[in-house]
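Where a number appears in this text, it was derived from the coordinates with a stated rule and is not lab data. What you see is a predicted model, and the numbers here were worked out from it, not measured in a lab. Neighbour counts are summed over all protein chains in view; Cβ atoms, including those assigned to glycine, are modelled from backbone coordinates with ideal geometry.
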Amino acid sequence: MSNPQSLTDEERGRFSWQIMMSGFGEDSQHKLKQSSALVSRVGGLGSPVALYLAMAGIGKLVIAHGGVPELGHMNRWIMSPYEGVDKISPVDSVIAHIRKLNPTIELVGVKESVTEENAAELVSQADIIMDCPPYFEERHLLNREAIRQNKPMVEAAVCGAEGYLTVIAPGETPCMSCLGFQSKDWELPFPVIGAVPGVIGSMAAMEAVKVLTGYGEPLKNRLVMYNGETAEFQTIKLKRRSDCEVCKPVVVYQ
Ligand SMILES: [Zn+2]
């Protein structure tokens with residue numbers, strides 16, 4: 001049971017413009033403060049995700065990303081400085097940046113991307129999973145672990161001028177595997193202009209705020225597609241696959 005009284009006066013002031021939103025209030029702000037998110041990779045997509053979740057007042061972020069930025073990332077990795085190309089971990093850059101914007105958030109940096117070995121541990125550290133890597137292998141590992149640990153996952157992706165977004169809720173919605181997202185024919189580098197992951201990453205952060213607080217209607221069983229070329233959004237309905245190997249109903253014998 002959340003207790004609005006646990007917000008400090010400083011937090012009431014800092015978040016006053018969102019607390020005043022109808023249907024949000026101090027109760028939602030407190031829920032956010034009690035919540036945590038895993039952001040898998042903080043490149044073009046994960047950077048705005050981490051930024052807006054931190055600024056919204058989430059209590060804890062676990063940021064996982066191996067390696068360092070390359071020159072070609074600098075059209076969209078908004079929190080990695082230019083002088084850090086080939087040198088500075090995006091985990092260090094993002095944590096330093098966020099710390100200046102939200103001095104009270106708990107930040108856990110993991111300088112590894114998601115692997116078969118660490119996926120379960122990473123997912124166990126957060127209430128919601130923000131799926132932002134450019135590799136389908138990592139996305140499927142997170143999908144599997146999120147389903148296994150019964151945690152919601154915001155699935156965000158971009159390519160070219162297009163972006164995609166949906167909320168996966170175990171038992172309620174299709175999972176990544178149901179949707180048939182595969183790594184076939186997927187190669188890096190792929191075309192992208194930085195504002196597109198900016199749009200989708202910001203929307204992904206909003207979906208997480210909604211799932212964590214109960215505010216609004218999270219994007220469950222729906223997929224939003226954004227076309228930056230025409231500035232149009234399209235929403236399609238999604239259905240679970242009853243024969244999905246990953247999220248099929250689990251029968252518990254007692
Ligand atoms: Zn499934």
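Pull up the cross-link candidates among the aspartates and glutamates for Lys100, meaning alpha carbon to alpha carbon under 17 Å and not fewer than 8 places away within one chain.
Excluding near neighbours in sequence, the set is Glu10, Glu11, Asp92.
Could you pull out every residue, at least 5 positions away or on a different chain, whose amide H is within less than 5 Å of the one on Val192? Hs are placed 1.01 Å off N in the peptide plane, and Pro or chain starts have none.
Close amide H contacts, sequence-distant or interchain: Gly160.
Which residue, chosen from Ile168, Phe136, Gly25, occupies the Cα position most advanced towards the positive end of the dipole of the chain, where the dipole is computed from +1 (Lys, Arg) and -1 (Asp, Glu) charges on Cβ about the Cα centre?
Toward the positive end, the furthest listed residue is Gly25.
Any idea what diffusion coefficient segment 106-155 gets from Stokes-Einstein, in µm²/s, Kirkwood Rh on alpha carbon pairs, 25 °C, 0.890 mPa s?
For the chosen part, D equals 224 µm²/s.
Among Glu11, Glu138, Glu207, determine the one that fluctuates most according to a GNM of the chain built with springs between C-alpha atoms less than 10 Å apart.
Of Glu11, Glu138, Glu207, the most mobile in the Gaussian network model is Glu11.
Under a GNM of the chain (C-alpha, springs under 10 Å), which listed residue has the highest mean-square fluctuation: Arg222, Arg12, Arg139?
In this elastic network of the chain, the residue with the biggest mean-square fluctuation among Arg222, Arg12, Arg139 is Arg12.
Where in segment 133-167 does the label zone of Glu245 land, with the point 7 angstrom along Cα→C-beta and an amide N cut-off under 14 Å?
Counting backbone N atoms under 14 Å from the label point, the list is 140-141, 144.
If the reach is capped at under 15 angstrom between alpha carbons, list the aspartates and glutamates near Lys210, excluding any in the same chain fewer than eight residues apart.
Glu26, Asp27, Asp127, Glu155
Counting each pair of different Cα atoms once, what's the Kirkwood radius of the chain in Å, rounded to one decimal? Please report the intermediate quantities before stating the final value.
On the way: mean 1/r = 0.0538 Å⁻¹.
One decimal place: 18.6 Å for the Kirkwood radius.
With an 8 Å Cα cut-off and a minimum separation of 6 or more residues, compute the relative contact order for segment 118-254 in percent.
26
So if I place +1 on the C-beta of Lys and Arg and -1 on the C-beta of Asp and Glu, and nothing else carries charge, what would the dipole magnitude of the chain be about its Cα centre? I want it in debye, nearest 20.
540
Of the options Gln149, His65, Phe181, report the single residue whose Cα projects farthest towards the positive end of the charge dipole of segment 35-237 (beta-carbon charges: Lys, Arg +1; Asp, Glu -1).
Final value for the positive-end residue is Gln149.
Let's test the formula: R0 of 30 Å, r as the Cβ-Cβ distance of Glu229 and Met74. What FRET efficiency results, to the nearest 0.05?
Here the calculated transfer efficiency is 0.85.
Among Ser35, Ser93, Ser242, whose mean-square fluctuation peaks in a Gaussian network model of the chain (Cα, cutoff 10 Å)?
In this elastic network of the chain, the residue with the biggest mean-square fluctuation among Ser35, Ser93, Ser242 is Ser242.
Would you please name the GluC sites (Glu not before Pro) within segment 139-198 that are DSSP coil residues with at most 10 other C-beta atoms within 10 Å of their C-beta? Show your work: numbers first, answer last.
Values: sites: Glu145, Glu155, Glu162, Glu172, Glu187; in loops: Glu172, Glu187.
In loop regions of segment 139-198 (DSSP not H, G, I, E or B), the sparsely surrounded GluC sites (Glu not before Pro) are Glu187.
Pairs of alpha-carbon atoms within less than 8 angstrom and 6+ residues apart define the contacts here; what relative contact order does segment 35-237 have, in percent?
The normalised contact order for segment 35-237 reaches 23 percent.
Once you've got the Cα coordinates, tell me which of Lys31/Lys220; Lys60/Lys237; Lys111/Lys239; Lys60/Lys111 are over 25 Å apart.
In this structure, Lys60/Lys237; Lys111/Lys239 exceed 25 Å between Cα atoms.
To the nearest 20 debye, what is the magnitude of the charge dipole of segment 31-177 about its Cα centre, counting +1 on the Cβ of each Lys and Arg and -1 on the Cβ of each Asp and Glu?
That gives segment 31-177 a dipole magnitude of about 520 debye.
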